[in-house]
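Rule-based calculations on the coordinates, nothing more; no lab input. Because the structure is a prediction, the values reported are computed rather than measured. Backbone-built Cβ (ideal geometry, glycine too); neighbour counts: all protein chains shown.
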Amino acid sequence: MGYYQEQIETMGRDEMSALQSERLVKQVQHVYKNVAPYRKKMEDLGVEPGDIKGIEDIEKLPFTTKDDLKDAYPYGFLALPLKDCVRIQSTSGTTGKRVVAFYTLHDIDVWEDGCARAIAAAGGTNEDVCHVCYGYGLFTGGPGLNGGSHKVGCLTLPMSSGNTERQLTFMTDLEATILCCTPSYAAFLGESAHKEGLTDKLKLKAGIFGAEAWSEEMRRDIEKALGLKAYDIYGLTEICGPGVSFECEEQTGMHVCEDHFFPEIIDPSTGAQQPLNTKGELVFSCITKEAFPLLRYRTRDITMLTQDPCSCGRTLTKMRRLMGRTDDMLIIRGVNVFPSQIEAVLVGQGYPANYLIVVDRVNHTDTFEVQVEMTDEMFSDEVKLIEKREAELLAGMKSMLGISPKVSLVAPRTITRSEGKAVRVIDKRKI
């Protein structure tokens, strides 16, 4: 597979560190001068721009969080006059104030470079047809991959989300070779193509899937259903959008565009920086962004970083597949429950990753139900068979979680599919 910016993607560690140091020093001066909330954070810690002489000093800087951004909404972390900005994007959050991120033309260029690197790493060239069905508009998925596809030179289908029948029509008629969407929607497209008898007409060779957590088992299911190789991509609106990191053909983690976004792993409890190959919370510093240059932003995503040699030849630091979040834990009847644990039980017993966790509180007691979708092969009208399967799942979940949910098997394709981020948890409790 090829490179989009080979010199950067294969740069030696010493040269990369020197570049990061130069950019961080300049960025700290820019942020201190122009972003009042961050300047106050630095002053509260007794840190001045002159204290930052290289990337090794990054630990001296304060963190930023999503709460900081919401408190300063909309313009508090903007580092340039509005006349220098050309676009905003916004998070897909459903509660409270959204996070609004600002971009200069340079910032968009950096973002699209990251997405172009991802497409090239998946084998994309100017001879490919790239079908983008991430959402457009304020959501970063569509615009990011759209711009990256243009940079690589692909014929770009800006489909956005929705209308699965139309998606499949264009995908087959125009012989799309690269698919970009969420993994849950990719799985749905695979189901729909099979149902409509279109599987043999697909020409897809690669898929670039992100915006939600997904398992290795789900990857293999998607690859089988769509006849492609599935690549992970990572990003978040606060940093730029998709393209912060991307997977190569080795599929053992995502290479970070660390010439723009410096990664750290910290202990989520203490904030202390952790060494390579240690699990912890992912933190990013934007060392080249102009309009919205967050420093030491706590993503709440749990992973680890490695600089082990990669067969693709890239020397960029890798982040492993996300292992959960510091804030997606459910506490049910005093027990810590992670959706990833539920998924592990399901795939272990041969179920697809189509499930819904429903938590409520009745008479001051938590109720906990897991609705699980059966495949067509599993579906049966025989009540005893369904009850047997439910009992087997219940036993597996009790063993994994230490708590017994109600398990309900439901008919194929009855759990609502998402064209954006999949909704896995409905928590009705008033906590």
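If you build a Gaussian network model of the chain, linking Cα atoms that sit under 10 Å apart, which residue out of SER408, SER192, SER269 swings the most? Result for the chain, Cα springs under 10 Å: SER269 fluctuates most. Compared with the dominant principal axis of the Cα atoms in the chain, helix 183-195 is inclined by about 40°. Relative to the dominant Cα principal axis of the chain, helix 164-173 is inclined by about 80°. For the chain, the pair-distance distribution built from all alpha carbon pairs, in bins 10 Å wide starting at 0, is 4, 21, 30, 26, 15, 4, 1, 0 percent. Highest mobility in the GNM of the chain, judged by mean-square fluctuation with C-alpha springs under 10 Å and restricted to GLY137, GLY243, GLY147, is found for GLY137. Think of the chain as having a plus end and a minus end, set by charges on the Cβ of Lys, Arg, Asp and Glu; of SER184, THR237, LEU78, LEU78 sits farthest toward the positive end of this dipole. Projecting the Cα atoms of GLY313, ILE52, CYS257 onto the dipole axis of the chain, where Lys and Arg carry +1 and Asp and Glu carry -1 at the beta carbon, places ILE52 farthest toward the positive end.
Angle of helix 216-226 to the longest C-alpha principal axis of the chain, folded into 0 to 90 degrees and rounded to 10: 70°.
Region 309-344: which trypsin sites (Lys or Arg not before Pro) are DSSP loop and have at most 13 other beta-carbon atoms within 10 angstrom? Those that pass, being in a loop and sparsely packed, are ARG333.
At what distance in angstrom do the alpha carbon centres of region 364-405 and region 287-332 lie from each other? Cα centroid to Cα centroid, the span is 34 Å.
Comparing ASP381, ASP14, ASP67 in a Gaussian network model of the chain, where Cα atoms under 10 Å apart are tied by springs, the biggest mean-square fluctuation is seen for ASP381. Exposed loop positions in the chain were taken to be GluC sites (Glu not before Pro) whose DSSP state is not H, G, I, E or B and which have at most 12 other beta-carbon atoms within 10 angstrom. Between these positions, the longest stretch is 128-376.
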